[in-house]
Amino acid sequence: MAAIARFAAELRELGRANFLYADGDVLFVHSHKRLGNDGADQPGLHLLHHAIHTPGDDVEGGGVSVSSEHDDQAIAMLASVPLTDDDWEPLGEGTLLALRSGQIVAQAAA
């Protein structure tokens, strides 16, 4: 987390810096900001957690469909703008998350 936080801080100095990075085990998420249609800064990324309780349950919206073959699977969806009417969480500037198997395992302000 510390190395990615340092990298994210360097990127933010160059401009808007929203990114996802996976090392094969953990998905690292960094949210900075994005330019909205009105020209004002908006949250860079939004997060939505879903739990699939039975195989075949689908999560759909915004042209995306996610399904599972397993019971009780956690899913984390990230997008620059909410894709559905669900309660997407806007991630604040400099938020750094580490996700494993759809669950947040670490969180920091980068």
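Stretched out fully, how many nm does the piece from TYR21 to HIS49 gain, at 0.36 nm a residue minus the Cα gap? The partial results should precede the final answer.
Details: separation 28, 0.36 × 28 = 10.08 nm, distance 1.84 nm.
Result for the pair: 8.2 nm of gain on full extension.
With a point put 7 Å past each Cα toward its Cβ, work out how far MET1 is from GLN107 in nm, to one decimal.
1.1 nm
Where a number appears in this text, it was derived from the coordinates with a stated rule and is not lab data. Only a predicted model underlies this, so the values are computations on that prediction, with no experimental measurement involved. Every residue, glycine as well, gets a Cβ built from its backbone with ideal geometry; the counts of neighbours run over all protein chains shown.
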